[in-house]
Amino acid sequence: MIKTRFGLWDGAVCALILLLALGLALGVGAAARSEGAVVTVSADGALALQKPLEGTEGRFPIDGEYPLTVCISGGKVWVEDSHCPGGDCQAQRPISRPGQSIVCLPGRITVAIRGGDGAADLIVG
Amino acid sequence: MDRRVKTLALCALLTALALGLSYAERMIPLGLLIPLPGIKLGLANVVTLFALCFLGTGPAFGILIARCFLGSLFAGSLSGLIFSLTGGLLAMAVMAAARRSGRLSVYGVSVCGAAAHNMGQICAAMAVMKTTAVISYLPVLLVTAVFAGALTGAAAAGVFRAAQASGFAAHSREGSKETTEGQGGGA
């Protein structure tokens, strides 16, 4: 019968998963140091919008099954007026660093900040 | 009553319970705390874990498939099926392997399952969205998996202790030599 008390190996597994999360977060953080960040919006895998993060101000409607509006202002990006049933994309906090993204799963829309100069989206390890 | 009929009836009950738990946890506003798609406690995982430990891999697989299909059907969102199915299948495979290792308790197995579920969902999201940008969600999802997995593990531990105390465990596959007989009785 499987044990029902928390043991040493369970703690080790939890620590390992938290370390993996930390490693991934650091990888995303490493990508954030690149300059010339660009905001890209993909709808169903196709590029729908691309704007430089710095210097761009405005609201950009994105068409799709569930239309939404991407707002860029003051070096931050967020989603407004989403028509998707969940509304998670709209509830998310503004993003401002390369590697961060806002995803609307029902609408298959991804708002991402990518590093400039061909920097990698994610550096692991 | 025939053992296979009993297993089938139990699988049907567990499927209904898993669906009920999936529906109930939607009322917990976890998204307000962590507004990320896919964030949930995963209470239905308690049922998968129970089926895996007491009935075997076959029935647990059947319950999982039935729960994913019916859940998507009832929610009216078949697009969500790929996420629940990918996450669920990976979680079950990892939990089955973790359980077989013999070193982990129900807590560790549950945490492994929660982490695998989130990884599976991220893989599905990358395929559906055709972008790798969603991987930036993985660190947060993995951290929440540890806490959610421990919580569902605690719930499962309580259920397991009750099952042992009631004598259910002695009549389950766990108490006897594993055979393929019961595996055909999935829901």
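The values are calculated or read from the model by the stated rules, or taken from the named source; none is laboratory data. Since the structure is predicted, the reported quantities are computational estimates derived from the model, not experimental observations. Backbone-built Cβ (ideal geometry, glycine too); neighbour counts: all protein chains shown.
Among the numbered conditions (1) at pLDDT below 90; (2) within 29 Å of A:ARG93 (Cβ to Cβ); (3) in a helix (DSSP H, G or I), tell me where B:LEU73 comes up short.
Tallying (1) at pLDDT below 90; (2) within 29 Å of A:ARG93 (Cβ to Cβ); (3) in a helix (DSSP H, G or I), B:LEU73 fails exactly one: (2).
Taking the condition closer than 16 Å to B:ILE39 by Cα and assigned to a helix (DSSP H, G or I), does B:LEU85 pass?
For B:LEU85, the condition - closer than 16 Å to B:ILE39 by Cα and assigned to a helix (DSSP H, G or I) - is met.
Which residues, counting only those in the range B:129-142, are surrounded by 19 or more Cβ atoms within 10 Å (Cβ to Cβ) and either more than 8 Å from chain A (Cβ to nearest Cβ) or not aromatic (Phe, Trp, Tyr) (or both)?
Answer for the range B:129-142, where residues must be surrounded by 19 or more Cβ atoms within 10 Å (Cβ to Cβ) and either more than 8 Å from chain A (Cβ to nearest Cβ) or not aromatic (Phe, Trp, Tyr) (or both): B:MET129, B:THR131, B:ALA133, B:VAL134, B:ILE135, B:SER136, B:LEU138, B:PRO139, B:LEU141, B:LEU142.
Mind listing whichever residues of the range B:104-128 are over 30 Å from A:MET1 (Cβ atoms) and either within 20 Å of the chain's Cα centre (by Cα) or facing chain A (nearest Cβ under 7 Å) (or both)?
Passing the criteria: B:GLN121, B:ILE122, B:CYS123, B:ALA124, B:ALA125, B:VAL128.
With the checklist (1) under 20 Å from B:VAL140 (Cα atoms); (2) at pLDDT below 90; (3) among the β-branched types (Val, Ile, Thr) in hand, flag the one item B:VAL111 doesn't pass.
Unmet for B:VAL111, out of (1) under 20 Å from B:VAL140 (Cα atoms); (2) at pLDDT below 90; (3) among the β-branched types (Val, Ile, Thr): (2).
Quick one: what pairs do we get from the range B:146-163, first residue among the aromatic types (Phe, Trp, Tyr), second in a helix (DSSP H, G or I), C-beta under 8 Å, 6+ apart or different chains?
Here the result reads B:PHE160/B:PHE50; B:PHE160/B:CYS53; B:PHE160/B:VAL106; B:PHE160/B:ALA169, each pair linking the range B:146-163 to a residue that is in a helix (DSSP H, G or I).
So that you can scan it fast, the table gives a plain yes or no per residue for (1) assigned to a helix (DSSP H, G or I); (2) among the polar types (S, T, N, Q); (3) buried (at least 24 other Cβ atoms within 10 Å of the Cβ):
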| site | (1), (2), (3) |
| --- | --- |
| B:LEU8 | yes, no, no |
| B:LYS40 | no, no, no |
| B:ALA60 | yes, no, yes |
| B:SER79 | yes, yes, no |
| B:VAL94 | yes, no, no |
| B:ARG103 | no, no, no |
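Quick check on the range B:68-85. Is at least one of its residues more than 9 Å from chain A (Cβ to nearest Cβ) and under 27 Å from A:MET1 (Cα atoms)?
no
Suppose we filter A:CYS89, A:CYS71 for residues that are facing another protein chain (nearest Cβ under 8 Å) and on the phi < 0 side of the Ramachandran plot; which single one remains?
The match here is A:CYS89.
From the list B:ALA16, B:ALA98, B:ALA51, which residue is hydrophobic (A, V, I, L, M, F, W, C), surrounded by 15 or more Cβ atoms within 10 Å (Cβ to Cβ), part of a helix (DSSP H, G or I) and in contact with a Pro (Cβ under 8 Å, 6 or more places away or on another chain)?
B:ALA51
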